[in-house]
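Input: a single structure, listed below in structure tokens.
The values are calculated or read from the model by the stated rules, or taken from the named source; none is laboratory data. None of these values were measured; they are calculated from a predicted model. When we count neighbours, we look across all protein chains shown, and the Cβ atoms used for this are built from the backbone with ideal geometry, even at glycine.
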Amino acid sequence: MEINELCYKAWKIASEHGFWRVETEEIEFINTDDAQDWYSIPTSGVNLPEKVMLIVCELSELVEEMRKDMAKTDKFKEELADVWIRLADFTGYLEIDIEKEIKAKMDKNIARPIRHGKYF
């Protein structure tokens, strides 16, 4: 399965299980020139920052498993999978060609200096 297919499937499963329900109250965004492109994404009441925070929650659960000793638990692998699933779900909803974006970013990173020219 290609990455974009995985993203679509993750979004479809999440959607079918109620994770993309539309809020009854429309979210109002402040229109600024910098934000216009972002806010032009058809959200129809979807709270996109909440979706990003769900990714962050999965990352914090992953760190908690690391604190327990990741080498001895399958739960660590499960939480790592949850992070990927949430990212894929978010990407699938936004219909981003993430394969193209990852390749472009990796090409950009190749040209960057070690540690981006910083000590850490």
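Does residue 54 satisfy the criteria of being over 16 Å from residue 94 (Cα atoms), modelled with pLDDT of 90 or more and part of a helix (DSSP H, G or I)?
Numbers: over 16 Å from residue 94 (Cα atoms): no; modelled with pLDDT of 90 or more: yes; part of a helix (DSSP H, G or I): yes.
No; evaluated as a whole, the condition is false for this residue.
Looking only at region 68-98, which residues are among the acidic types (Asp, Glu), at pLDDT below 95 and either part of a helix (DSSP H, G or I) or on the phi < 0 side of the Ramachandran plot (or both)? Before you say what the answer is, go through the steps one by one.
To start, the set of residues in region 68-98 that are among the acidic types (Asp, Glu) comprises 69, 74, 78-79, 82, 89, 95, 97.
With at pLDDT below 95 added as a condition, the list becomes 69, 74, 78-79, 95.
The answer is 69, 74, 78, 79.
Filter region 1-12 for residues that are surrounded by 10 or more Cβ atoms within 10 Å (Cβ to Cβ) and touching an Asp or Glu at 6+ places or on another chain (Cβ under 8 Å) and give the result. I'd like the intermediate steps shown before the answer.
Going residue by residue through region 1-12, those that are surrounded by 10 or more Cβ atoms within 10 Å (Cβ to Cβ) are 3-12.
Passing the criteria: 3, 4, 7, 10, 11.
Name the single residue that is surrounded by the most Cβ atoms within 10 Å (Cβ to Cβ) among those in region 63-83 being without any contact (Cβ under 8 Å) to a residue 24 or more places away in the chain and within 16 Å of the chain's Cα centre (by Cα). Give the steps one after another, and end with the answer.
Narrowing region 63-83 to residues without any contact (Cβ under 8 Å) to a residue 24 or more places away in the chain: 63-81.
Remaining after also requiring within 16 Å of the chain's Cα centre (by Cα): 79-81.
Details: 79: 20, 80: 17, 81: 12.
It comes out as 79.
Sort out which residues of region 76-113 are aliphatic (A, V, I, L, M) and over 14 Å from residue 58 (Cβ atoms), and write them in order of number.
If we filter region 76-113 for residues that are aliphatic (A, V, I, L, M), which is where we start, we get 80-81, 83, 85, 87-88, 94, 96, 98, 102, 104, 106, 110-111.
Those that are aliphatic (A, V, I, L, M) and over 14 Å from residue 58 (Cβ atoms): 94, 96, 98, 102, 104, 106, 110, 111.
Residue check: is residue 88 of a type outside the set (Val, Ile, Thr) and touching a residue at least 40 places away in the same chain (Cβ under 8 Å)? I'd like the intermediate steps shown before the answer.
Working: of a type outside the set (Val, Ile, Thr): yes; touching a residue at least 40 places away in the same chain (Cβ under 8 Å): yes.
Answer is yes for this residue.
Is it true that residue 112 is among the basic types (Lys, Arg) and either in contact with a helix residue (DSSP H, G or I) (Cβ under 6 Å, 6 or more places away or on another chain) or in contact (Cβ under 8 Å) with a residue 24 or more places away in the chain (or both)? Give the derivation first.
Numbers: among the basic types (Lys, Arg): yes; either in contact with a helix residue (DSSP H, G or I) (Cβ under 6 Å, 6 or more places away or on another chain) or in contact (Cβ under 8 Å) with a residue 24 or more places away in the chain (or both): no.
When the stated conditions are applied, residue 112 does not pass them.
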